[in-house]
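To keep things clear, I will list the structure first and then write my remarks on it.
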Amino acid sequence: IIVILATANRDKVKELRPLLEHISPLFTVHALHELGVEVEIEETEDSLEGNALLKARAIFSLLSDRFPFMIALADDTGLEVEALHGAPGVYSARFAPMPDGRTPTYQDNVSHLLYCMNGIADRSARFRTVVALKGSLPSAQGSFLFERTAEGLVEGSITLNQQGDEGFGYDPIFLVHATGKTYAEMSTDEKNTLSHRSLAVQKAITELRNIFEQ
Ligand code: ITT
């Protein structure tokens, strides 16, 4: 059974693939670019769950003729800063205002967040991922369609300066309380043992197991 990663973000693919390859030898994991698919899905919902479902549904519809049995897996992630009332949250990818309207780089967003946090003492923050699955699996009646979502959350705080070179996005300024290190000071394997993304994927895998046992 094919699992298609419904994301255009290759940094997410790098983390998601090893997490999923542990599920079962029955699953083969494909990223969109490996299937020759290039799509821009506009995230029009105002929640992580809404946008994750929107992406999983869009990729499922796009590829269900080509792959009658498959699971589309989408990830929507946000960094929620206490002192900023939950911002950037669902808008994490486009946080820094850009004069020419282009999409900000990771560094633009990191610099803008540090600027917004200048002089603020309460630096608590959390990373939240919602993983959405939309799938079609073989059944006695022909096929069985399903949708599920699962959430992962990690508490931490925003550092005063960037620390570490690993990872992507806000990793250099997100200090994980449980470890005293930023995500950017961890290898992919180490981040995958505890991250918001891996917690969401683990819950999604439990949901899949329940489906298989039905
Ligand atoms: P897709 O929608 O194609 O999956 P995206 O990058 O637009 O890719 P999101 O809408 O979930 O994905 O964007 C969330 C942004 O949050 C992302 O661009 C990064 O800047 C940041 N981000 C997501 N996961 C992260 C992580 O594990 N560590 C640090 N920053 C992360």
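It is to be established whether one or more residues within the stretch 141-149 are more than 22 Å from residue 52 (Cα to Cα), outside any loop (DSSP other than H, G, I, E, B) and at pLDDT below 95. Even if it seems obvious, please write down each step before you answer.
Taking the stretch 141-149 first, the residues more than 22 Å from residue 52 (Cα to Cα) are 141-143.
Among the residues that remain, those that are also outside any loop (DSSP other than H, G, I, E, B) are: 142-143.
Of the ones still in play, those that are also at pLDDT below 95 are 142-143.
Looking for residues that are more than 22 Å from residue 52 (Cα to Cα), outside any loop (DSSP other than H, G, I, E, B) and at pLDDT below 95, one finds at least one in the stretch 141-149, hence yes.
Note on the stretch 1-37: residues that are in a loop (DSSP other than H, G, I, E, B) and under 19 Å from residue 212 (Cα atoms) total 8.
Does residue 166 satisfy the condition of being within 16 Å of the ligand (Cβ to nearest atom) and part of a strand (DSSP E or B)?
Judged against the criteria, residue 166 is not a match.
Residues are listed down the side, and each one gets a yes or a no for (1) touching a strand residue (DSSP E or B) at 6+ places or on another chain (Cβ under 8 Å); (2) closer than 30 Å to residue 26 by Cβ:
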| position | (1), (2) |
| --- | --- |
| 55 | yes, yes |
| 66 | no, yes |
| 78 | yes, no |
| 90 | yes, no |
| 108 | no, no |
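Here is the figure for the stretch 39-82: residues that are part of a loop (DSSP other than H, G, I, E, B) and more than 11 Å from the ligand (Cβ to nearest atom) total 9.
Yes/no per residue for (1) hydroxyl-bearing (Ser, Thr, Tyr); (2) touching a Phe, Trp or Tyr at 6+ places or on another chain (Cβ under 9 Å):
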residue: 153; (1), (2): no, yes
residue: 182; (1), (2): yes, yes
residue: 198; (1), (2): yes, no
residue: 202; (1), (2): no, no
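Checked against the criterion of being assigned to a helix (DSSP H, G or I), in contact (Cβ under 8 Å) with a residue 12 or more places away in the chain, farther than 30 Å from residue 70 by Cβ and of a type outside the set (A, V, I, L, M, F, W, C), the candidates 111, 157 yield just one match: 111.
The values are calculated or read from the model by the stated rules, or taken from the named source; none is laboratory data. Nothing here was measured: the structure is a model prediction, and the numbers come from that model. Note: ideal-geometry Cβ built from the backbone for every residue, glycine included; neighbour counts use all protein chains shown.
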